[in-house]
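Heads up: the structure comes next, in structure tokens.
The values are calculated or read from the model by the stated rules, or taken from the named source; none is laboratory data. These numbers were taken from a predicted model, which means no experiment stands behind them. Don't worry about glycine lacking a Cβ; one is built from the backbone with ideal geometry, like all the others, and counts go over all protein chains shown. Areas reflect the complete protein model, heavy atoms only, side chains present, ligands, DNA and RNA absent. Shrake-Rupley method; radii C 1.70, N 1.55, O 1.52, S 1.80 Å.
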Amino acid sequence: MIPAVSDKGLRDAHKQVRRDVTKPLVFAADTLVRFKSGRILIHTTSGKLRAFESDSPALIGWLCRFCKPTTLESALAALQPADRAAVLPVVEHLQRGGVLVDGDAPPAGGDEPEILGRAKQHLRLLARSLYELACDVWGFGLHAERQLQLRTGVGVERRLMALLAAIDALRSELTALRRPFIAGQLAALKVAADARDLKLHIGCGQGLLDGWINIDVSPAPLSLNVQWGLPFADASVSRVFVSHLLEHLFFPADVKPFLAEIRRVLAPGGVVRIVVPDIERCIEAYVGNDRSFFANRRETWPWWPPNPTRLEDFLAYAGAGAEPAYLFEAHKYGYDFETLAKVLSDAGFVGTLRSEYMSSDFPDLKVDHVSAVANARYGERYYSLFVEARRAA
Ligand SMILES: C[S@@+](CC[C@H](N)C(=O)[O-])C[C@H]1O[C@@H](n2cnc3c(N)ncnc32)[C@H](O)[C@@H]1O
């Protein structure tokens, strides 16, 4: 028997929700079910209504039917007639709070930049919050674990595992989307699975190269995260051009597998051309107190914070002090020739050479002009470091 729910929040629920009992309803993917002091709380991560609370196992057991799309009609049929009236306001409350949603609804529409903007904002908050959470947990040490255990029965460790599980679940769903997402784009670009002699422009930004596969995060001709790997066969590529991307990856944890992946797709004798900020040049300017070096650099990178000291300017460029909320966009490392040559050699490349702007032994690699920043220079010297390496023949 399901008891009548005496929640005043439920009383006026009826007006706003539809009562089409033949359409399937399902729990929204971000539904949370929590247990607190003998009561069960159900809500979503974003719902504006307060959580629905109940201490009736019979009611909660019945609601579990909606963990997969189920019509209200068939769910009600499983109840005694007297119970049907008790559950209807609950269903309506959960619909109003976004907990129960249409099981056959098409994907939400809306303005694309707005949807993406909100996603980025949430990711920034999440990144910042995780950092602050880590500082809090370290600040308390074991005290937090013990106190939360006493107060709630669940300590910090298990709460963190629950957060990890939530992130893991989302990432698993995204991972399942990768293959068809990439396959559709390659088909649109007419790149066959057995294609050879390809040229990849990775981290292309706004600058596209004709005859190359231009790759970046969405929206790009081929949208992907380079940490997924490159969707091309071994030895199917003759040239790779990567300008001002490497400094955005963590060194060496993410840079090494990325370079190893480039080597995998390159055919023997194939060449990668890499452009990165020249950090040695920055250090020279800092030590030489060359203020105009930094002032002049702002003409190309005007969005860096205003009026920095030489040290602030240099460290931000070299990847120090990245704000967690802007971790994706921020520089995470800086390179001199020696370090870049070393990591290339570790990834199996040979013949690493320092190059110059628009200068290469390979005519099809004279492509630096497509970069928005590689041409920036101070006097005769470029702010960028240009390097080429190849896969052994
Ligand atoms: C500073 S911009 C350089 C753009 C262009 N190559 C140039 O030289 O003007 C860095 C580019 O790397 C891309 N990028 C950063 N991390 C990436 C990732 N994990 N996967 C794919 N692209 C990424 C960014 O989206 C951005 O377009």
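Couple of notes before you dig in:
- Given (1) assigned to a loop (DSSP other than H, G, I, E, B); (2) more than 30 Å from TYR131 (Cβ to Cβ); (3) within 13 Å of the ligand (Cβ to nearest atom), number of the condition PHE386 does not satisfy: (1)
- Taken as a whole, the stretch 320-333 holds at least one residue that is within 16 Å of the ligand (Cβ to nearest atom), among the aliphatic types (A, V, I, L, M), modelled with pLDDT under 90 and more than 20 Å from ALA376 (Cα to Cα).
- Residue selected from the stretch 309-331 under the condition surrounded by 19 or more Cβ atoms within 10 Å (Cβ to Cβ) and not in a helix (DSSP H, G or I), by the criterion farthest from the chain's Cα centre (by Cα): GLY319
- Wholly within the stretch 204-302, helices (runs of 4 or more DSSP H) carrying at least 1 residues that are surrounded by fewer than 19 Cβ atoms within 10 Å (Cβ to Cβ) and within 13 Å of the ligand (Cβ to nearest atom): 255-265
- Qualifying residue in the stretch 369-377 (condition: away from the ligand (no atom under 14 Å from the Cβ), in the same structural domain as ARG239 (by TED's automatic domain parsing) and open to solvent by less than 80 Å² (accessible area, probe 1.4 Å)): no
- Scanning the stretch 190-203 for residues that are away from the ligand (no atom under 16 Å from the Cβ) and outside any strand (DSSP E or B) yields LYS190, VAL191, ALA192, ALA193, ASP194, ALA195, ARG196, ASP197.
- Check on HIS122, outside the structural domain of PRO324 (by TED's automatic domain parsing), within 30 Å of LEU63 (Cα to Cα) and open to solvent by 90 Å² or more (accessible area, probe 1.4 Å): yes
- One residue alone among LEU148, LEU133, LEU116 is farther than 14 Å from PRO324 by Cβ and open to solvent by less than 80 Å² (accessible area, probe 1.4 Å), and that residue is LEU148.
- Residue ranges of helices (runs of 4 or more DSSP H) in the stretch 23-113 with at least 1 members more than 21 Å from GLU173 (Cα to Cα), β-branched (Val, Ile, Thr) and not assigned by TED's automatic domain parsing to the domain that holds ARG171: 57-63, 81-96
- Whichever residue in the stretch 347-368 is under 25 Å from ILE283 (Cα atoms) and not in a loop (DSSP other than H, G, I, E, B) and, among such residues, is nearest to the ligand (Cβ to nearest atom): ASP368
- Inter-residue pairs, beta-carbon under 8 Å, first at pLDDT below 95 and in the stretch 214-230, second more than 8 Å from the ligand (Cβ to nearest atom), 6+ apart: none
- In the stretch 378-393, the residues that are loosely packed, with under 15 Cβ neighbours inside 10 Å and in contact with a strand residue (DSSP E or B) (Cβ under 7 Å, 6 or more places away or on another chain): ALA392, ALA393
- Complete set of residues in the stretch 230-272 that are under 16 Å from CYS204 (Cα atoms) and of a type in the set (Gly, Ala, Ser): SER243
- Selection status of ALA127, open to solvent by 80 Å² or more (accessible area, probe 1.4 Å), of a type in the set (Gly, Ala, Ser) and either outside any helix (DSSP H, G or I) or in contact with a Leu (Cβ under 8 Å, 6 or more places away or on another chain) (or both): no
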